[in-house]
1. Out of 69, 181, 46, any idea which swings most in a Gaussian network model of the chain, alpha carbons joined below 10 Å?
2. Of 196, 228, 218, which is farthest towards the positive pole of the stretch 194-239's charge dipole, taken about the Cα centre with +1 and -1 on the beta-carbons of Lys, Arg and Asp, Glu respectively?
3. Which one of 206, 84, 242 is farthest out on the positive end of the charge dipole of the chain, using unit charges on Cβ (Lys, Arg +1; Asp, Glu -1) and the Cα centre as origin?
4. May I ask you to derive the relative contact order of the stretch 143-292, considering only C-alpha pairs under 8 Å and at least 6 residues apart, and to give it as an integer percent?
5. Just check the stretch 10-133 against the gyration tensor rule for me: Cα atoms, a ≥ b ≥ c as the square roots of the eigenvalues, rounded for a/c under 1.5, and otherwise prolate or oblate depending on whether a/b exceeds b/c.
6. Let's see if you can work this out: charge +1 on each Lys and Arg Cβ, -1 on each Asp and Glu Cβ, no other charges. What is the dipole magnitude of the chain about its Cα centre, in debye to the nearest 20?
7. Can you give me the Cα centroid spacing of the stretch 177-227 and the stretch 263-294 in angstrom?
8. Quick one: among 147, 79, 192, which has the greatest mean-square fluctuation in a GNM of the chain with alpha-carbon springs under 10 angstrom?
Amino acid sequence: MTVINEYDCRLYGVIPYLPAKLGNALRLFCLKNPTVAMSVTEVRLRSGGAFSLSSPNGSIFFSEIGAIRKTPVICSDEQVKKCVELLCRNSYHTHESEIKNGYISLPDGFRAGVAPDASSENGVYGINSVCIRIPRHVKTCCEKLLQQTGEESMLIYSPPGVGKTTLLKSIISELCHRGFRVSVIDTRRELQAEKAPLADYICGYPKGAGIELATRTLCPDVIVCDEIGSHDTESIIACQNTGVPLIATCHGQTLEGLLLRPGIKELYSMRIFSFYIGLSRCESEFVFDVFKCS
């Protein structure tokens with residue numbers, strides 16, 4: 001049997017966040033299906049629904065002894081509740097502001113998305129679904145892109161799950177290797193890049209506030225930020241007026257679709273980004289559709 005260790009297969013890193021029964025099942029799955037385990041991108045728990053894994057080939061179900069099967073193990077409400085407690089390190093209130101925004105930040109680049117039952121100014125009432133995303137050890141995958149763009153401002157877009165965060169981590173490492181001071185606005189603590197000694201991380205701040213803080217206090221050569229939205233437009237414009245390049249990502253299928261969003265359209269009309277990069281994959285390789293603003 002081929003055995004893959006925890007460093008090579010990051011899926012092992014999810015086990016401490018799972019209730020004992022599900023964690024043991026996942027450990028057995030990794031041992032029995034090491035090649036498949038290496039391809040897993042998410043672990044999902046749903047109250048009254050499937051305990052499943054996500055991979056490029058679709059959802060994966062497995063038994064309590066780790067054998068792949070066609071029907072899922074069903075999660076109980078208590079199992080989802082226990083998972084949330086473990087994700088919060090038994091301090092729910094510490095993470096309540098994150099949970100209101102649909103996520104729980106974790107060490108080592110892991111991130112949990114959560115689906116609350118309901119929320120109000122007074123708090124969140126229950127969580128019915130958890131999605132734990134698996135970080136990847138980043139191999140250099142940005143050389144072809146940077147050959148075309150240099151270190152200019154760019155907005156990278158794709159649908160969820162294609163690899164925007166992985167690409168950003170590679171860019172951070174490569175820019176540091178080239179001697180650039182990089183300020184990383186890491187709101188959800190998932191952009192920690194290996195071999196990035198010149199990176200300064202601003203964690204836990206809203207993106208707009210983080211961009212303003214980096215520009216004002218850290219004197220960066222480049223700012224990197226993941227998943228911008230229309231509410232970040234004002235801060236991004238202020239940042240770009242200082243001349244500091246911004247490399248950011250957002251969700252989108254096409255450039256035409258992006259420009260239907262008022263905030264992105266305003267950034268485009270003001271030539272804030274020098275390049276718009278459509279990201280896709282051909283098997284395991286990134287494919288870049290590069291549009292340069294004139």
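Nothing in this text is a laboratory measurement; each read-out follows from the coordinates by a stated rule. Fair warning: this is a prediction, and the values are worked out from it, not measured in the lab. As a convention, Cβ positions derive from the backbone with ideal geometry for all residues, glycine included, and neighbour counts pool all protein chains shown.
1. 69
2. Working it through, the farthest residue towards the positive pole turns out to be 218.
3. 84
4. The normalised contact order for the stretch 143-292 reaches 29 percent.
5. Since a/c reaches 1.5 and a/b is larger than b/c, the shape of the stretch 10-133 is classed as prolate.
6. 660 debye
7. The stretch 177-227 and the stretch 263-294 have Cα centres spaced 20 Å from each other.
8. 147
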